[in-house]
Amino acid sequence: MGHPVDVEIGLDRDVFLRTLVRELATSLESVIGLEEASGYISLVGQAVGTQIDEMYLKALGVDRLSPEQVAEALVDLKRRIKGDFYVIEQDDTKIVLGNRACPFAEKVLGRESMCMMTSNVFGTIAARNLGYASVELQETIARGDAGCRVVVHLVPGTGPTNGREYFADVELPTSGPGAGTVPA
């Protein structure tokens, strides 16, 4: 009789966590649908994006990243988690990124809601540093494309109307006229 510790199985922390995220996405998509599941995963992506942005700001000793640094950070963060993103083009209005390998690997196939992690992390970092972002997922591995093509639009009105928009945090006045209201 064999022992579990003596057999080789494809299980480690990375596989376990990717499987956990996939099954969470699967459960959400089957219970509440793709759109709502994407919304829930977006909330997580925004929180993660804020944390990652803070890490880069602190490490670089700056208050804000430049557009070039934003693009570099997006590629770098994905590299660190086993993605293979690269900049296709960048100008004052957009950053176009390609990707050959998803950090979720095969676990992302058929689970488009998991792409909201990328959309929200990218959108949150870009908006926090540059004021605005609209993320367009033109191609995704989750949908069965050979790779991903992600466009981060940096100017309002320049992206498609179906892109997810992200805005810089607005500091609200704590006292005096307009306290607690968003400036017009």
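The values are calculated or read from the model by the stated rules, or taken from the named source; none is laboratory data. Remember, it's a predicted structure, so these values are computed and weren't measured experimentally. Cβ coordinates were reconstructed from backbone atoms using ideal geometry, including for glycine residues, and neighbour counts include every protein chain displayed. SASA here: full protein model, heavy atoms, side chains in, ligands and nucleic acids out. Shrake-Rupley method; radii C 1.70, N 1.55, O 1.52, S 1.80 Å.
Numbers at a glance
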{"item": "Choice from Arg143, Arg13, Arg128 with maximal GNM fluctuation in the chain (Cα, 10 Å cutoff)", "result": "Arg13"}
{"item": "Estimated D of segment 28-177 in µm² per second, where Rh is the Kirkwood radius over Cα pairs and Stokes-Einstein applies at 37 °C, 0.692 mPa s", "result": "209 µm²/s"}
{"item": "Whole-percent carbon and sulfur share, accessible surface of the chain, 1.4 Å", "result": "56 percent"}
{"item": "Positive-end residue, segment 10-162 charge dipole about Cα centroid, Cβ charges, pick of Val152, Ala37, Pro103", "result": "Pro103"}
{"item": "Most fluctuating residue given options Thr93, Thr124, Thr161, as computed from a GNM of the chain linking Cα atoms under 10 Å", "result": "Thr161"}
{"item": "Largest to smallest principal axis extent of the C-alpha atoms in segment 8-64, angstrom", "result": "42, 38, 9"}
{"item": "Of Ser66, Ser134, Ser38, the one that fluctuates the most in a GNM where the chain has Cα springs shorter than 10 Å", "result": "Ser66"}
{"item": "Rounded accessible area per residue of segment 1-112, 1.4 Å, Å²", "result": "66 Å²"}
{"item": "Inter-part distance where segment 116-175 and segment 1-59 are each reduced to a Cα centre, Å", "result": "20 Å"}
{"item": "Cα convex hull of segment 1-115, projected area averaged across orientations, nm²", "result": "10.3 nm²"}
{"item": "Lys pairs, the chain - Cα-Cα below 19 angstrom, 8 or more residues apart or on other chains", "result": "4"}
{"item": "Ratio Rg/Rh, restricted to segment 63-108 and using Cα atoms, in which Rh is the Kirkwood radius", "result": "1.03"}
{"item": "Positive-pole candidate from Thr118, Val70, Val15, dipole of the chain, charges at beta carbon", "result": "Val15"}
{"item": "Crossing angle, helix 115-130 versus the chain [Cα axis fit, 0-90 degrees, rounded to tens]", "result": "30 degrees"}
{"item": "Between 0 and 90°, nearest 10: helix 34-60 axis offset from the chain longest Cα axis", "result": "70 degrees"}
{"item": "Inter-label distance, nm, simple model (7 Å from Cα along the C-beta direction), Ile9/Ser27", "result": "2.0 nm"}
